[in-house]
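Q: Right, I'll just put the structure down here and ask away after.
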Amino acid sequence: FLARVKGEQEWIEIGQLNSQDRNRFTLIGIPDPSKPNEVIVLSDEAGYNTQGVYAFDIQRPEQKELLFRTENYDATSVIFSRRTSNRGKIVGFTYADKFKNNSYYTDEEEGALYESIKGAFPDLNVRLDRISDDGTTVLFSTSGPTDSGTTYILKDGRASVLAKWYQEIPDTALS
């Protein structure tokens with residue numbers, strides 16, 4: 001993976017995939033547009049059995065800052081705030097265990113909101129899509145073995161269906 005410092009012509013190697021050592025490297029993105037040289041990646045590191053989330057300046061890719069790792073499962077992504085006013089702010093991380101994807105929130109407010117919605121849909125995957133800046137309105141989605149995908153709006157403590165993703169698939173055809 002090559003990157004270029006803003007305003008420079010020279011390309012810098014910031015990571016690589018190698019079939020011999022089976023290390024993975026995935027660029028997640030640049031979370032803060034005012035800091036275009038700072039990137040977030042998923043990467044394997046020597047001495048660990050799981051993939052972690054790292055941040056680093058592309059001018060110094062060897063100086064990675066570990067943001068998240070679990071002992072037994074691979075980190076799979078970063079959760080960015082769903083509030084417009086916090087766009088680009090990392091509020092949590094995802095990882096996959098043997099059965100499903102899991103969300104780990106570092107932001108207490110968005111984490112509490114996620115857990116409360118997840119509690120209402122315990123057997124489904126839940127994803128926060130958008131949160132109003134005042135927190136009174138939330139768009140979220142669910143999916144899983146018995147739900148091909150549903151988008152809801154949560155307002156005044158009440159969730160209402162906005163859309164079913166695959167209406168042509170009858171619920172009886174799902175597992």
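Q: Has segment 88-110 got any residue that is at negative phi, over 13 Å from the mean Cα position of the chain (by Cα), free of Cβ contacts under 8 Å to residues at least 24 places away in the same chain and open to solvent by less than 80 Å² (accessible area, probe 1.4 Å)?
A: Scanning segment 88-110, I find no residue that is at negative phi, over 13 Å from the mean Cα position of the chain (by Cα), free of Cβ contacts under 8 Å to residues at least 24 places away in the same chain and open to solvent by less than 80 Å² (accessible area, probe 1.4 Å), so the answer is no.
Q: Considering each of SER148, SER143, SER175, SER132 in turn, give the residue that is small (Gly, Ala, Ser), farther than 20 Å from ILE30 by Cα, open to solvent by 40 Å² or more (accessible area, probe 1.4 Å) and at pLDDT below 95.
A: SER175
Q: A further question follows. Please specify each residue of segment 19-28 satisfying the condition of being surrounded by 11 or more Cβ atoms within 10 Å (Cβ to Cβ) and either touching a Lys or Arg at 6+ places or on another chain (Cβ under 9 Å) or not charged (D, E, K, R) (or both).
A: Here is the first cut: in segment 19-28, the residues surrounded by 11 or more Cβ atoms within 10 Å (Cβ to Cβ) are 23-28.
Within segment 19-28, ASN23, PHE25, THR26, LEU27, ILE28 qualify.
Q: Let me ask something additional. Can you report the number of residues in segment 51-87 which are surrounded by fewer than 15 Cβ atoms within 10 Å (Cβ to Cβ) and either charged (D, E, K, R) or modelled with pLDDT under 90 (or both)? Outline the logic, then answer.
A: Just the residues of segment 51-87 that are surrounded by fewer than 15 Cβ atoms within 10 Å (Cβ to Cβ), to begin with: 59-60, 62-63, 65-66, 71-72, 84-85, 87.
When the remaining residues are screened for being either charged (D, E, K, R) or modelled with pLDDT under 90 (or both), the result is 59-60, 62-63, 65, 71, 84-85, 87.
The total comes to 9.
Q: Criterion first (in contact with a Gly (Cβ under 9 Å, 6 or more places away or on another chain), in contact (Cβ under 8 Å) with a residue 24 or more places away in the chain and part of a loop (DSSP other than H, G, I, E, B)) does PRO31 satisfy it? Write out each step before concluding.
A: Working: in contact with a Gly (Cβ under 9 Å, 6 or more places away or on another chain): yes; in contact (Cβ under 8 Å) with a residue 24 or more places away in the chain: yes; part of a loop (DSSP other than H, G, I, E, B): yes.
The answer is yes for PRO31.
The values are calculated or read from the model by the stated rules, or taken from the named source; none is laboratory data. These numbers were taken from a predicted model, which means no experiment stands behind them. FYI the Cβ positions are ideal-geometry reconstructions off the backbone, even for glycines, and counts take in every protein chain you see. Ligands, DNA and RNA are stripped out before the accessible areas are found, and what is left, the full protein with its side chains, is counted by its heavy atoms. Shrake-Rupley method; radii C 1.70, N 1.55, O 1.52, S 1.80 Å.
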